Amino acid sequence: MGLRVELAVAKTHKYASRESGDTVEIVERPGGGMSAVLVDAQGSGLGAKLLSLQIAGRAISLLNEGVRDGAAARAAHDYLFAIRSGKVSAELDIASIDLASRSFLVTKNSETPLMIRRDADGDIERLKDSGGRIGLYRRTRPKVLEFPLAVGSMAILVSDGVAHAGSIRTSRLPLVETARHVLSGVTTAQQVADGMLEAAIEADRNRPADDLTVVVLRAFDVEDERAVRRMAMSFPVSG
């Protein structure tokens, strides 16, 4: 019997916008494990995309060098504050599977909630702990949350487009209830991410009011665990 972890992403752009201001980058950790950096830059479209790429790239490069998640988040904030003089903000979340400590690490500089399940028998919890958006105030610091890696444990991160889905046209998407519903019918991290994204799109009546991104970390047990790592990606190509 062994423990395997999954990291999955599902995202789409704002309706009638060609570029998503959300960026997700994934990197292997030098001490073992993986990290996903989610950046939602202020605004939407190409300008927001370029900025989110810059911020995510800064954080990823530091994580790749073995810098701790909280320090990487602070450096990304300092970078944004320096180049935009405190006039532009972004939301930054780093979700990590840290094999050295056998834990989920979530570093939050965003106003969107984090949803976690601590083990296979646990319920979905909604946490709002955060250090606040980066880029606005000189002394902004991240909030670092750590949870033991256990069979059935899961972390679900969303961008603010998902958190606010449906609020313009009807009522805001109930994140915890939606996560519970999705989990009742799926098994893999990718299915969870896809289900959450689809619910957000439907809440916006198939015309997303903002860029939408879901990142899911999941741990589960396997009977015959081999040391094989897999990564897959799928994205549309428009004319």
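The values are calculated or read from the model by the stated rules, or taken from the named source; none is laboratory data. Computed from a prediction, not measured in an experiment: that's the story for all the values here. Note: ideal-geometry Cβ built from the backbone for every residue, glycine included; neighbour counts use all protein chains shown.
Can you find a residue in region 2-9 that is in contact (Cβ under 8 Å) with a residue 24 or more places away in the chain, small (Gly, Ala, Ser) and within 24 Å of Thr188 (Cβ to Cβ)? Yes, because at least one residue in region 2-9 is in contact (Cβ under 8 Å) with a residue 24 or more places away in the chain, small (Gly, Ala, Ser) and within 24 Å of Thr188 (Cβ to Cβ). Within region 11-41, restricting attention to residues that are within 16 Å of the chain's Cα centre (by Cα) and in a loop (DSSP other than H, G, I, E, B), the residue that is modelled with the lowest pLDDT is Ser20.
Counting only strands (runs of 3 or more DSSP E) that sit completely within region 107-182, those holding 2 or more residues that are surrounded by fewer than 15 Cβ atoms within 10 Å (Cβ to Cβ) correspond to 125-127, 143-148. Summed over region 217-230, residues that are farther than 30 Å from Gly45 by Cβ and outside any loop (DSSP other than H, G, I, E, B) total 5. Consider region 11-40 and keep the residues that are under 30 Å from Arg226 (Cα atoms) and of a type in the set (A, V, I, L, M, F, W, C). The one that is surrounded by the most Cβ atoms within 10 Å (Cβ to Cβ) is Val37. Which of the residues spanning region 154-182 are touching a Leu at 6+ places or on another chain (Cβ under 9 Å) and either at pLDDT below 95 or under 21 Å from Asp211 (Cα atoms) (or both)? Scanning region 154-182 gives Ala155, Ile156, Leu157, Val158, Ser159, Gly161, Val162, Ala163, His164, Ala165, Gly166, Ser167. Summed over region 177-210, the residues that are aliphatic (A, V, I, L, M) and within 16 Å of the chain's Cα centre (by Cα) give a count of 7.
Here Ala8 meets the list (1) crowded, with 23+ Cβ neighbours inside 10 Å; (2) within 15 Å of the chain's Cα centre (by Cα); (3) of a type in the set (Gly, Ala, Ser) almost entirely, failing just condition (1).
Here the condition is being more than 18 Å from Lys11 (Cβ to Cβ) and touching a His at 6+ places or on another chain (Cβ under 9 Å); of Asn109, Asn64, it holds for Asn109 alone. Every test in (1) among the hydrophobic types (A, V, I, L, M, F, W, C); (2) in contact with a strand residue (DSSP E or B) (Cβ under 7 Å, 6 or more places away or on another chain); (3) part of a helix (DSSP H, G or I) is passed by Val214 save one, and that test is (3).
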